[in-house]
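Here's the structure we're looking at; comments come further down.
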Amino acid sequence: MNTRLQPSSLSSDPRSGFIAGYGSYFDVLDDRRDKVAKGAFRKTLRAWQLLGKTPKMLWQHDPKQPIGVWTHLREDNKGLYVEGRLALGVPQASEAYLLLKEGAIDGLSIGFRAIEAIHDKESKNRILLDIDLVEISIVTFGMNSKATVRVIEAV
């Protein structure tokens, strides 16, 4: 499932502040003992697409600090692939961009509600089968250490 928005007026250059990476990886045990199953984002991505929107891009999961827009989301064989643009006129977005460029931060983390999950009592793991995705944040430390920004475009 692909969700793509048209370029907005954040910048005259649609690649300015461009970032891409994985908001989540499938079948990776995260620090909360959760694993996201393949297909867990299918319904939520479809719902966002029908709304003509994408989840919010936040700084450190703070709803008071939106720092850009996600322009493309899709599930692939690895996980939830995301592309977006930082709103570089916003001080926190500019700071996030500089920190990403320097390698001081690189984490991505999803904010979600679990719609359907299986609890493994023996391993104490939770397997997330269906997720209501609310936001994707740029973070210092994500629960899933593989979920990171992989591309940062120069301004």
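The values are calculated or read from the model by the stated rules, or taken from the named source; none is laboratory data. Just so we're clear, the structure is a prediction, and the values are computed from it rather than from any experiment. Here the Cβ positions follow ideal geometry from the backbone for every residue, glycine too, while neighbour counts run over all protein chains shown.
Annotations
- Criterion (among the β-branched types (V, I, T), in contact with a Phe, Trp or Tyr (Cβ under 8 Å, 6 or more places away or on another chain), surrounded by fewer than 12 Cβ atoms within 10 Å (Cβ to Cβ) and over 13 Å from W59 (Cβ atoms)) met by exactly one of V134, V151, V82: V151
- Residue that is surrounded by the most Cβ atoms within 10 Å (Cβ to Cβ), among those in region 23-58 that are among the aliphatic types (A, V, I, L, M) and part of a strand (DSSP E or B): V36
- Meets criteria (more than 12 Å from W59 (Cα to Cα), in contact with a helix residue (DSSP H, G or I) (Cβ under 9 Å, 6 or more places away or on another chain) and modelled with pLDDT of 95 or more) for I115: yes
- Residues that are touching a strand residue (DSSP E or B) at 6+ places or on another chain (Cβ under 8 Å) and touching a residue at least 40 places away in the same chain (Cβ under 8 Å), drawn from region 33-46: R33, D34, K35, V36, A37, G39, A40, F41, R42, K43, T44, L45
- Residue within region 59-77 that is surrounded by 15 or more Cβ atoms within 10 Å (Cβ to Cβ), out of contact with any strand residue (DSSP E or B) (no Cβ under 7 Å at 6 or more places or on another chain), in a strand (DSSP E or B) and at pLDDT 95 or above present: yes
- When region 13-22 is filtered for residues that are in a strand (DSSP E or B) and either free of Cβ contacts under 8 Å to residues at least 24 places away in the same chain or over 14 Å from R74 (Cα atoms) (or both), the ones remaining, listed by number, are F18, I19.
For every residue, the table says whether it meets (1) modelled with pLDDT under 95; (2) within 14 Å of F41 (Cβ to Cβ).
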site	(1), (2)
A96	no, no
K101	yes, no
G107	no, no
E135	no, yes
G142	yes, no
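- Qualifying residue in region 121-131 (condition: part of a strand (DSSP E or B), touching a Gly at 6+ places or on another chain (Cβ under 6 Å), at pLDDT 95 or above and closer than 17 Å to D27 by Cβ): no
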